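Engineer: Before I ask anything, here is the structure I am working with.
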Amino acid sequence: MIPVLETKRLIMRERRESDLDAMADFYADGELSKFVGGPLNRDDAWRRIALDLGHWHLRGYGNWALQEKATSDFVGWCGLWNPEGFPEREVGWGLMKSKHGHGFATEAAQRARDYAYQTLGWETVISLVAFGNDRSLRVAERLGAVFESVTQFRGMECAIYRHPPARSFSSNVSQAHTKEEAACP
């Protein structure tokens with residue numbers, strides 16, 4: 001079961017087929033999606049939704065769809081990610097262009113990291129940031145992540161940013177938990 005999490009402004013929920021139009025728009029924008037495997041056509045955007053759902057099934061964690069509470073708009077995605085071939089467990093994000101600059105990525109990533117530390121018992125997590133992805137770099141830094149090393153990943157030069165260990169920080173993100181979250185492995 002995929003837990004539903006909340007922050008002050010967001011609902012973090014499972015992916016749905018109704019997210020396809022927004023996901024297809026996100027992945028069709030080559031500039032927006034170039035750091036996360038895009039651009040992709042509509043069929044491949046649907047497969048990405050299925051991939052995200054499958055990751056939950058195989059690993060017990062994954063990406064959430066982000067929905068803005070005030071408008072019900074699809075904001076983007078954020079979550080915990082570690083498919084085969086990744087250097088280690090990651091917190092990552094991607095937002096619709098219209099939602100950039102509002103702090104949604106930082107808010108969602110902090111909540112996802114809190115979930116990883118408090119519910120899953122992780123001690124550490126990274127963010128893999130491709131060189132040139134300045135927006136994601138700033139989010140990682142706002143979260144307190146620090147540059148650790150450079151790696152080649154799927155044809156891109158990327159920086160590994162290490163988040164503070166679970167024992168070293170105090171989060172001000174809403175700690176609202178659901179019954180599903182408490183039951184999640």
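Engineer: Step by step: first the residues of the range 50-75, then only those that are touching a helix residue (DSSP H, G or I) at 6+ places or on another chain (Cβ under 6 Å) and not polar (S, T, N, Q), then the one that is surrounded by the most Cβ atoms within 10 Å (Cβ to Cβ). Which residue is that?
Structural biologist: Ranking the qualifying residues of the range 50-75, first place goes to L66.
Engineer: A further question follows. Out of the strands (runs of 3 or more DSSP E) lying entirely within the range 89-176, which hold 2 or more residues that are closer than 18 Å to I11 by Cα, in contact with a helix residue (DSSP H, G or I) (Cβ under 8 Å, 6 or more places away or on another chain) and in contact (Cβ under 8 Å) with a residue 24 or more places away in the chain?
Structural biologist: Here the list reads 90-95.
Engineer: Here's something else I'd like to know. Looking at P164, P185 in this structure, which one is modelled with pLDDT of 95 or more and touching a Gly at 6+ places or on another chain (Cβ under 6 Å)?
Structural biologist: One residue alone meets the criteria, P164.
Engineer: Only one of (1) surrounded by 16 or more Cβ atoms within 10 Å (Cβ to Cβ); (2) among the aliphatic types (A, V, I, L, M); (3) touching a Cys at 6+ places or on another chain (Cβ under 8 Å) fails for V36. Which number is that?
Structural biologist: Against the list (1) surrounded by 16 or more Cβ atoms within 10 Å (Cβ to Cβ); (2) among the aliphatic types (A, V, I, L, M); (3) touching a Cys at 6+ places or on another chain (Cβ under 8 Å), V36 comes up short only on (3).
Engineer: A further question on this structure: Right, M23: of a type in the set (A, V, I, L, M), touching a residue at least 24 places away in the same chain (Cβ under 8 Å), out of contact with any Gly (no Cβ under 7 Å at 6 or more places or on another chain) and assigned to a strand (DSSP E or B) or not? Can you show your working first?
Structural biologist: Working: of a type in the set (A, V, I, L, M): yes; touching a residue at least 24 places away in the same chain (Cβ under 8 Å): yes; out of contact with any Gly (no Cβ under 7 Å at 6 or more places or on another chain): yes; assigned to a strand (DSSP E or B): no.
No: the conditions fail for M23.
Engineer: Related question: Looking at D44, is it exposed (fewer than 14 other Cβ atoms within 10 Å of the Cβ) and of a type in the set (D, E, K, R)? Give the derivation first.
Structural biologist: On the way: exposed (fewer than 14 other Cβ atoms within 10 Å of the Cβ): no; of a type in the set (D, E, K, R): yes.
Taking the combined requirement at face value, the residue does not satisfy it.
The values are calculated or read from the model by the stated rules, or taken from the named source; none is laboratory data. These numbers come from a predicted model, not from an experiment. Backbone-built Cβ (ideal geometry, glycine too); neighbour counts: all protein chains shown.
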